Amino acid sequence: DLCEECIRLGSVPISDACESLAFCRALHHNGHSNQGKSGNLTREVYWLLRGMEVQSCWLPEDRQKTLGFACRRRFDFLCENSANNLITLLSMAAISTNFSDKMVIERQEKETAVVLRVAEDVLEGVLQDEVMAPALKGHMEANLLKYSVDIALADAKGDTIQVATDIVHCLEERCLSDGEYGGVVSTLANPKVYVDFLRIAFAILAKEEANELGRPMEFAKCAFSIHGMHILMARLTQVLSWEGIISSSHRQTSSMLSKQQLPSDEKKDYFSAMRLAFSKGLMRAFVSNGPSSVVATKTIGNKIGGEMSLDEEIELMGLASR
């Protein structure tokens, strides 16, 4: 109480010391630094949030640091790393479903279950924190984690429409808050995992196409909206450029060849098939959504959440507590 009183009066050195103490306590619950013992992610997140609370809530407004320093960096890493690991395993599972034997699929399902449990523990630590949860509205890494967990759970239920919605939310560009991110335009997903999200979308669209064989085109269905297909194709174009499969000019291609190896024929064929599937998916989206998709696009542009964003969950928690 005495430390909190000093911090609220504006003592930055004491706030830094308290954040360091919270960070050390968080590391105590980390499995890698706890002498080989299994960690407790929910407790680790709890103490990281306490350090972030000291810097962003206790100090006077003119001295506050947005979500702190060391605790903020560790918290961001936990959220993003948990989300990326989960999405990577889901993308591998999407490929293995078609090309691997039963034993490989079962092993990957077990690995995915373990990683999903880790991601849920981190997310649970955030949602249970009544003090810091409202302060994390618009937080990129926490929202990415929330959507990644939703994708995994919806995939397990076979809800491809929800999976598609959450993928689009992770891949679409948005203007981030001025205070925390300087108003830059970015996606929730890190560019290095764009291809993993695209693989999951590819698996959904390929399965849809197989199910539509022999059916009249006017009855075609697509899990993605027209807006969603545009987002997928935009991200795919970026990935193809990074992989060296497409280039804006011959000169750029020549200079690239001297720095890195040409993409393999197998990779080219895979992305070519993905591009074709996305094109056919866009065609089905036009048929299944029609003019109503324009309204859906505007709605998506004004919301961060799909089924329910992290912000909306926090608001509901506040209403429930009343």
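The values are calculated or read from the model by the stated rules, or taken from the named source; none is laboratory data. Please read these numbers as outputs of a predicted model, since none were measured by experiment. Virtual Cβ from ideal backbone geometry, glycine too; neighbours counted across all protein chains shown. To get the accessible areas, we keep the full protein, side chains included, count just its heavy atoms, and leave off ligands, DNA and RNA. Shrake-Rupley method; radii C 1.70, N 1.55, O 1.52, S 1.80 Å.
Observations on the model:
- Test: residue in region 113-122 that is closer than 30 Å to SER241 by Cβ and open to solvent by 20 Å² or more (accessible area, probe 1.4 Å): yes
- Residue among ALA164, ALA189, ALA201, ALA223 that alone is of a type in the set (A, V, I, L, M, F, W, C), under 17 Å from the mean Cα position of the chain (by Cα) and either surrounded by fewer than 21 Cβ atoms within 10 Å (Cβ to Cβ) or not in a helix (DSSP H, G or I) (or both): ALA189
- Given (1) farther than 30 Å from THR112 by Cβ; (2) in contact (Cβ under 8 Å) with a residue 60 or more places away in the chain; (3) charged (D, E, K, R), number of the condition ASP16 does not satisfy: (2)
- Criterion applied to GLU141, GLU130, GLU109 was being assigned to a helix (DSSP H, G or I) and at pLDDT below 90, and the one residue passing it is GLU109.
- Candidates GLU106, GLU172, GLU130, GLU141 - the one that is over 20 Å from ASN81 (Cβ atoms) and surrounded by 16 or more Cβ atoms within 10 Å (Cβ to Cβ): GLU172
- Hey, ALA277 small (Gly, Ala, Ser), surrounded by 13 or more Cβ atoms within 10 Å (Cβ to Cβ) and at pLDDT 55 or above or not: yes
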